[in-house]
Amino acid sequence: MELSEIIIGPKITEKTMTQVTKDKYTILINVLANKHQVKEALKKIYKVDAVKINIIKTKLRSKTNLTRLGPITKKKHAKKMAIVVLKKGQKIPGFETEK
């Protein structure tokens, strides 16, 4: 797997933006990626050093709605996120906050 395929992009929500002040960044990653690959990709792409990486996985979920035409099943795909703690003073572009 190439380094450009490992990191999908930042996950920007209210909760993740409050974590940015504590130097914790939440990034969506490829489902097949591991911590070592994420750390290497961060170093090459964003030129930052990760102190700690936690990975969160979500499972494939499906929901069935009953309609007059019959049951319809919708699927939510599996996701994988990495919460990355960086060294003091380092930042990842895309997580800019106004103070």
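A few notes on this one:
- Ile72 meets all of the listed conditions (1) touching a residue at least 24 places away in the same chain (Cβ under 8 Å); (2) outside any helix (DSSP H, G or I); (3) surrounded by 10 or more Cβ atoms within 10 Å (Cβ to Cβ) but one, namely (1).
- Per-region count, the range 8-34, residues polar (S, T, N, Q) and either in contact with a helix residue (DSSP H, G or I) (Cβ under 8 Å, 6 or more places away or on another chain) or loosely packed, with under 11 Cβ neighbours inside 10 Å (or both): 4
- Looking only at the range 58-69, residues that are closer than 30 Å to Lys22 by Cβ and either touching a residue at least 24 places away in the same chain (Cβ under 8 Å) or not in a strand (DSSP E or B) (or both) come to 1 in all.
- Of all residues in the range 79-99, those that are surrounded by fewer than 16 Cβ atoms within 10 Å (Cβ to Cβ) have Cβ atoms under 6 Å from Cβ atoms of residues that are of a type in the set (Lys, Arg) and at pLDDT 90 or above, 6 or more apart or on another chain, in Val85/Lys24; Val85/Lys52.
- Any chance Thr16 is out of contact with any Phe, Trp or Tyr (no Cβ under 8 Å at 6 or more places or on another chain) and either at pLDDT below 90 or β-branched (Val, Ile, Thr) (or both): no
The values are calculated or read from the model by the stated rules, or taken from the named source; none is laboratory data. A quick note: this is a predicted structure, and the numbers were derived from the prediction, not measured. Counting neighbours? That spans all protein chains shown, and the Cβs are built from the backbone with ideal geometry, glycine included.
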